[in-house]
1. Loop sites only, by DSSP: take the GluC sites (Glu not before Pro) in the chain that have at most 16 other C-beta atoms within 10 Å and name the longest stretch containing none of them.
2. Please list, in order along the range 254-271, the HN-Hα scalar couplings obtained from phi with the Karplus expression 6.51 cos²θ - 1.76 cosθ + 1.60 (θ = phi - 60°), rounded to whole Hz, x for Gly and Pro.
3. Counting alpha carbon pairs within less than 8 Å and at least 6 residues apart, what relative contact order, in whole percent, applies to the chain?
4. So how tilted is helix 343-352 from the main axis of the chain? Cα-based, degrees 0 to 90, rounded to 10.
5. Tell me, what ³J(HN,Hα) does each residue in the range 184-193 have, in order and in whole Hz, if you take phi through Karplus 6.51 cos²θ - 1.76 cosθ + 1.60 with θ = phi - 60° and put x for Gly and Pro?
6. Just tell me the longest site-free run in the chain, where the sites are trypsin sites (Lys or Arg not before Pro) in a DSSP loop having at most 16 other beta-carbon atoms within 10 Å.
7. What is the sum of charges around residue 252, taking Lys and Arg as +1, Asp and Glu as -1, for the other residues whose C-beta is under 12 Å from the C-beta of residue 252?
8. Over what distance in Å are the Cα centres of the range 54-121 and the range 205-221 separated?
Amino acid sequence: MAQEVRGVIAPGKNEPVRVETIVVPDPGPGEAVVKVQACGVCHTDLHYKQGGISDDYPFLLGHEASGVVESVGEGVTDIAPGDFVILNWRAVCGNCRACLRGRPWYCFNTHNAKQKMTLASTGQELSPALGIGAFADKTLVAAGQCTKVDPAVSPAVAGLLGCGVMAGIGAAINTGNVGRGDTVAVIGCGGVGDAAIAGSRLAGAARIIAVDIDDRKLEKARSMGATHTVNSKASDPVEAIRELTGGFGADVVIEAVGRPETYKQAFYARDLAGTVVLVGVPTPEMKLELPLLDVFGRGGSLKSSWYGDCLPSRDFPMLIDLHQQGRLDLAAFVTETIQLDEVEKAFERMHGGDVLRSVVEL
Ligand code: APR
Ligand code: ZN
Ligand code: ZN
C-alpha cells in the first residue's frame, strides 16, 4: 500500500524549501522503496531550488543518500529488504552503445523509478532530484540505483559516496588515472576537490598541490592529503604549480570549480602530455577560449568526469572497504549532521564556505 512520509520540497523558483507530506507508492517491477537513513546537502539541490536545472517544480530534493531497502518490486534480484545500500543517480542500462562496449560508467541511458511520488495535499507529481529525492523518510527508486555495502559503516558517511565525494575521488582514480609517483594539482578545494585530493593520495600520488582562494579550504586540503598549497588570490597558480614541479607542471590537474578561468589555469599548469580533468560543473553561458596551437602542441588529454566516471557496483563497496580499513577518511567530509527541517539553513551555510557537507540524518 502507498505510504505517506515526510519529504523536503522545493515548491517554486527561489522559494524556501519546506517539509511536506508525500506519497510513496509500492515498488513496481524493477523498483525499490528505501528507508532513508542519511542524505547529504549538495550544491545540485540548491541549483534545483534556484531553477538552474529545470522548471519541473515541485522538486523532492536530496540525492546523496544511504538507507535500508524496505521492499522491492517484481523481478528485483540484486537487492532484498533489509540490505544497507548507497543510492546512485546513474543506474546503468546494460544495453546502450557504451554499456555494450564494456564502458558502463559512460552509460547513455541511465534510468530511475517509473512510478511517481506525489504531494499528499494536492496529488501533484514530484520531480525527485537526480531521480532520487532522498530528503525523505522513504523514497522510491529503480533497483539499479541501490548498491549494497557493508552495513557496519555509518549512514552519514556512506551516503556521501552517492554524489560529490565519489565525483572527486573518481575524477582522480578513474578519469585522471592518477598513479604511483604522479604529481597532481587540484584547483578548488570544496567537497569535490578535497575528495580528488584524497583519491590522489589513495592512488599513490607523490605530490598533491591544492589550489584555492580561501586559506581555510587550503588548511582542510592539507588534512585530506595535500602536500603543498597555493592561494591563487595571493599568487599566480600556474607559476606556483610549475615552481613546485621542477618548472614543468603537474602530470594531472583536476579542475573542481567549473569556471573558464580556473579551467585555463588547469590547462597551463599541466606538464606536456599531461591530463586535465574537469569535474567542476560549468553553467550554460560560460565560454572557453584557448589558442588551438597550445591545445595541439601541449599534447596529452583533456577530459571531463561525469560522477567521477564511477561504476557504483564496482566503486562503492571498494571505497567503503578502504574507509573501514582506515585508508580513506570519508568521515572527514561530514562537517555537521542536521534534521530534515534544517535543509534551508544548510543552503545558507553552504555560501559561507565553512561547510564541506551538512548531512541530514533520519
Ligand atoms: N580559484 C580557486 N578556487 C576557487 C575559485 C577560484 N577562482 N572559486 C572558487 N573556488 C573554490 C572555493 O573557495 C571552494 O573551496 O572552489 C571550492 C568550491 O567548493 P564548493 O563550493 O564546496 O563546491 P563542491 O561541492 O566542491 O563542488 C565543486 O563540482 O560538482 C561540481 O557543481 C559542483 O561545480 C561544482 C564543483
Ligand atoms: Zn550532488
Ligand atoms: Zn547503458
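Please treat every number below as a calculation from the coordinates, not as lab data. Quick caveat: nothing in here was measured; it's all calculated off a predicted structure. Methodologically, a virtual Cβ is constructed for each residue, glycine included, from the backbone with ideal geometry; neighbour enumeration extends over all protein chains shown.
1. The longest such stretch corresponds to 75-284.
2. So the Karplus estimates, Gly and Pro as x, are 10, 8, 10, 10, x, 9, x, 5, 6, 5, 4, 4, 4, 4, 8, 8, 9, 5 Hz.
3. 17 percent
4. 10 degrees
5. 10, 10, 10, 9, x, 10, x, x, 5, x
6. Here the longest run is 14-100.
7. Taking every other residue near residue 252 into account, the sum is -1.
8. Value for the Cα centre distance between the two parts: 34 Å.
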